[in-house]
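Q: One structure coming up, written as structure tokens, with questions to follow.
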Amino acid sequence: MRKLRLLVLASYFSLIALGQEGGRNTVGIGAGGGFPSGGYLTDGFYNAPAFSASYEYRVFRFLAPEVAVVNLLPNLLNGSEFGNYITRERVTLLTLGLRVVAPLVHHRVELFAGAGAAHVSSSYYELNGGLFSPDWLLQLDGGGRAALGRRHRFWIGPTLRFYRDGGRPTEEWVSLTADFGFRF
């Protein structure tokens, strides 16, 4: 029992030693563009504004789980027997993933890359529970950010996210946002 306690205590202190100094939490918001990039489910969608919100927790100096929401507001060309018409739809991508972070220039600049899964929710029936519509997509992201000020509390930079279903692509999206973050 004593050895187990020592092992738990040593593990706890080793995790602290690997952790990042200073703030571990980063909350960010962003705005940019969303683009349908492939798959027959995204045919008819136009490029759209994109809005994002994210939360990242630095578990270790170079590793951080992330949760993000990206809302796309694309126009969709619909056709019927009476003619074509355009509607504004909503596509929400809730992302759960893991990032690798590389701090550069005395921790004033960071590059990151990550992967995860994204849950799709939409106001358009074909994307939201249609017969062949996937509920979950694979997600890859990458980008960078730079600290504003000496205390490294505020960060700005771009984030590029790519979403795709597995197998033959039926649905692919790309979002590029300029993000503003606060670290605490």
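The values are calculated or read from the model by the stated rules, or taken from the named source; none is laboratory data. Here the structure is a predicted model, which is why all the values come from computation and not from measurement. Every residue, glycine among them, receives a Cβ derived from its backbone with ideal geometry; neighbour counts consider all protein chains shown.
Q: Kindly check whether there is at least one residue in segment 104-127 that is among the aromatic types (Phe, Trp, Tyr) and in contact with a helix residue (DSSP H, G or I) (Cβ under 8 Å, 6 or more places away or on another chain).
A: no
Q: Then there is this: Could you pull out the residue among Phe184, Phe154 that is modelled with pLDDT of 95 or more and over 26 Å from Leu77 (Cβ atoms)?
A: Phe154
Q: Quick check: anything in segment 165-177 in contact with an Asp or Glu (Cβ under 6 Å, 6 or more places away or on another chain) and in a strand (DSSP E or B)?
A: No - not one qualifying residue is present in segment 165-177.
Q: Cβ-Cβ under 7 Å, sequence separation 6+ or interchain: first residue in segment 85-98 and within 15 Å of Val174 (Cα to Cα), partner outside any strand (DSSP E or B). Which pairs?
A: Arg90/Leu73; Arg90/Ser123; Val91/Pro74; Val91/Leu127
Q: Take residues that are touching a His at 6+ places or on another chain (Cβ under 6 Å) and closer than 30 Å to Arg183 by Cα and tell me which of the strands (runs of 3 or more DSSP E) falling wholly in segment 29-142 contain 1 or more.
A: 91-104
Q: What tally of residues in segment 140-161 results from selecting those that are farther than 16 Å from His106 by Cβ, surrounded by fewer than 17 Cβ atoms within 10 Å (Cβ to Cβ) and either in contact (Cβ under 8 Å) with a residue 40 or more places away in the chain or not β-branched (Val, Ile, Thr) (or both)?
A: Within segment 140-161, residues that are farther than 16 Å from His106 by Cβ, surrounded by fewer than 17 Cβ atoms within 10 Å (Cβ to Cβ) and either in contact (Cβ under 8 Å) with a residue 40 or more places away in the chain or not β-branched (Val, Ile, Thr) (or both) number 5.
Q: Within segment 14-28, work out how many residues are modelled with pLDDT of 95 or more and assigned to a loop (DSSP other than H, G, I, E, B).
A: Here the count works out to 0.
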